[in-house]
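Trainee: Before I ask anything, let me first share the structure, which is written out below as structure tokens.
The values are calculated or read from the model by the stated rules, or taken from the named source; none is laboratory data. None of the values given here were measured: they were computed from a predicted structure. So basically every Cβ, Gly included, is an ideal-geometry build from the backbone, and we count neighbours across all protein chains shown.
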Amino acid sequence: MFSDLDDAGIKIRLEDYKFRVACTFAPVWYAHAKYHPTNGDPIPCTFGRHSSTHGVSRTQYSRVNAVHALMLVTSVIKFFDVELSRRP
């Protein structure tokens, strides 16, 4: 499995970094929790990409969720910064 950086001509073999990939990208999957406001789903208190976009409220925009979002973005950026700098 390769990453989707084909537009830039960059390929990273994610299988070579199983633990690091798991630690970095597990929160990404968690942030994509299901939330369907059209089905009457209540706005969740935990951070979520979809609920942050479509459930604008104090419930979703909290200090804790802001920290979770910053940690998520920082870990993904750091992963690619380190791994791309290791490329020959």
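Trainee: Do you know which of the residues in the stretch 20-37 that are among the hydroxyl-bearing types (Ser, Thr, Tyr) and under 18 Å from residue 59 (Cα atoms) is farthest from the chain's Cα centre (by Cα)?
Mentor: The extreme case among them is 35.
Trainee: Moving to a separate point now. Evaluate the stretch 70-83: report whether one residue or more is of a type in the set (Asp, Glu) and in contact with a helix residue (DSSP H, G or I) (Cβ under 8 Å, 6 or more places away or on another chain).
Mentor: So the first thing to find is which residues in the stretch 70-83 are of a type in the set (Asp, Glu), and the list is 81, 83.
Now restrict to residues that are in contact with a helix residue (DSSP H, G or I) (Cβ under 8 Å, 6 or more places away or on another chain): 83.
Yes - at least one qualifying residue is present in the stretch 70-83.
Trainee: Still on this structure: What are the pairs with Cβ atoms under 8 angstrom where one residue, in the stretch 48-60, is loosely packed, with under 15 Cβ neighbours inside 10 Å and the other, located anywhere, is part of a loop (DSSP other than H, G, I, E, B)? Sequence gap at least six, or different chains.
Mentor: Close Cβ pairs satisfying both conditions: 57/43; 59/43; 59/44; 59/45.
Trainee: With the condition kept exactly as written, say whether any residue in the stretch 33-40 is at positive phi and at pLDDT 80 or above. Don't jump to the end; show me each part of the working.
Mentor: Keep residues of the stretch 33-40 that are at positive phi, which gives 40.
Keeping just the survivors that are at pLDDT 80 or above gives 40.
Within the stretch 33-40, one or more residues are at positive phi and at pLDDT 80 or above.
Trainee: Please determine, by comparing only the residues of the stretch 78-88 that are without any contact (Cβ under 8 Å) to a residue 12 or more places away in the chain and surrounded by fewer than 11 Cβ atoms within 10 Å (Cβ to Cβ), which one is nearest to the chain's Cα centre (by Cα).
Mentor: This residue is 81.
Trainee: So, one more: Conditions: (1) part of a loop (DSSP other than H, G, I, E, B); (2) at pLDDT 80 or above; (3) more than 19 Å from the chain's Cα centre (by Cα). Residue 10 meets all but one. Number of the miss?
Mentor: All conditions pass for residue 10, except number (2).
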